[in-house]
Amino acid sequence: MTLCAIGVMEEYIQISGLYKTFQSHSGPVQVLKGIDLTVHKGEIFGIIGFSGAGKSTLARCINRLETPDAGNIKVGGVDILKLSKTELLKERRKIGMIFQTFNLFEAKNVYHNISYPLEISNVPRAEIRRRVLETAEMVGLADKLDAYPGALSGGQKQRVGIARALVNRPQLLLSDEATSALDPQTTLQILDLLKEINRNTGITILMITHELDAIRYSCERMAVLEDGRIIEVGAVRDIFSNPHSHTGALFARVYTEFQRTDMEYGSGI
């Protein structure tokens with residue numbers, strides 16, 4: 001159960017009037033069209049949407065890998081769109097991000113993949129070692145520190161990505177389709193790991209995905225993103241049982257169909 005579920009309702013991410021447009025060969029493409037969203041401190045909050053809805057762009061705006069055209073983004077009370085370059089670098093250390101594609105350094109072992117964010121921040125070597133060992137233990141990689149990515153399974157690679165995102169001890173973790181490349185069993189293991197980390201550290205997790213089961217399994221609240229707009233926000237159980245948007249209804253119907261199919265196969269039909 002998330003911290004939000006047991007009564008902690010402090011607003012941690014506050015987004016208002018967020019717009020983002022990209023330039024293409026055929027002209028401007030508006031990807032975010034006035035996003036308004038609030039995420040509570042300590043919760044695992046899900047954002048679900050079909051491909052092209054603007055999910056990854058929203059994540060990249062939150063940590064300022066992309067700069068919005070207009071709007072406000074406050075993380076922990078700090079308006080990240082008003083920060084100087086130096087201030088932004090400092091604030092980004094409070095925001096970890098894990099990706100679908102792992103983004104590991106193939107020529108570095110697990111230890112140095114995890115330690116990389118600390119190394120480029122000139123953290124003392126003894127402190128780097130202490131944090132890497134602590135974080136590797138947290139994600140179940142204590143015995144893999146000398147291994148290289150090529151010798152790891154997909155789930156182990158994602159654990160390295162999670163450890164690298166956590167080694168700076170962030171207050172916010174952005175999970176951008178982090179389980180999409182994994183098989184169902186490994187997905188469940190990674191989701192269990194994220195829930196355990198949330199429970200033990202109180203970190204806020206924004207889970208951005210198109211995977212219905214990931215949202216149902218991990219989140220208490222969610223938002224539905226459609227064509228660059230948040231069209232529905234509420235408790236996961238309410239949106240799946242009584243959606244108030246076309247996209248929410250589509251996801252609910254697909255989820256119900258998956259559940260029915262699983263029951264049929266499970267019963268030998």
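Just so you know, in region 24-44 the residues that are polar (S, T, N, Q) and modelled with pLDDT of 95 or more include one that is most open to solvent (accessible area, probe 1.4 Å), and it is 30. The number of residues in region 123-178 that are part of a loop (DSSP other than H, G, I, E, B), open to solvent by less than 10 Å² (accessible area, probe 1.4 Å) and over 14 Å from residue 205 (Cα atoms) comes to 3. Every listed requirement among (1) in contact (Cβ under 8 Å) with a residue 12 or more places away in the chain; (2) open to solvent by 10 Å² or more (accessible area, probe 1.4 Å); (3) within 20 Å of residue 229 (Cβ to Cβ) is met by residue 47 save one, (2).
Within region 8-23, if we keep just the residues that are of a type in the set (A, V, I, L, M) and outside any loop (DSSP other than H, G, I, E, B), the residue that is surrounded by the most Cβ atoms within 10 Å (Cβ to Cβ) turns out to be 18. Beta carbons closer than 6 Å, at least 6 apart along the sequence or on distinct chains, pair a first residue in region 121-149 that is farther than 10 Å from residue 163 by Cα and modelled with pLDDT of 95 or more with a second that is buried (at least 17 other Cβ atoms within 10 Å of the Cβ) and of a type in the set (Phe, Trp, Tyr) for 145/111. Summed over region 110-122, the residues that are touching a Phe, Trp or Tyr at 6+ places or on another chain (Cβ under 9 Å) and either among the small types (Gly, Ala, Ser) or open to solvent by 20 Å² or more (accessible area, probe 1.4 Å) (or both) give a count of 2. Here is the figure for region 50-92: residues that are in a helix (DSSP H, G or I), among the acidic types (Asp, Glu) and surrounded by fewer than 14 Cβ atoms within 10 Å (Cβ to Cβ) total 1.
The values are calculated or read from the model by the stated rules, or taken from the named source; none is laboratory data. On a predicted model such as this, the values are computed, not experimentally measured, just so you know. Reconstructed Cβ throughout: ideal geometry from the backbone, glycine too, with neighbour counts over all protein chains shown. Each accessible area value is taken on the protein alone, full model and side chains, heavy atoms only, with ligands, DNA and RNA left out. Shrake-Rupley method; radii C 1.70, N 1.55, O 1.52, S 1.80 Å.
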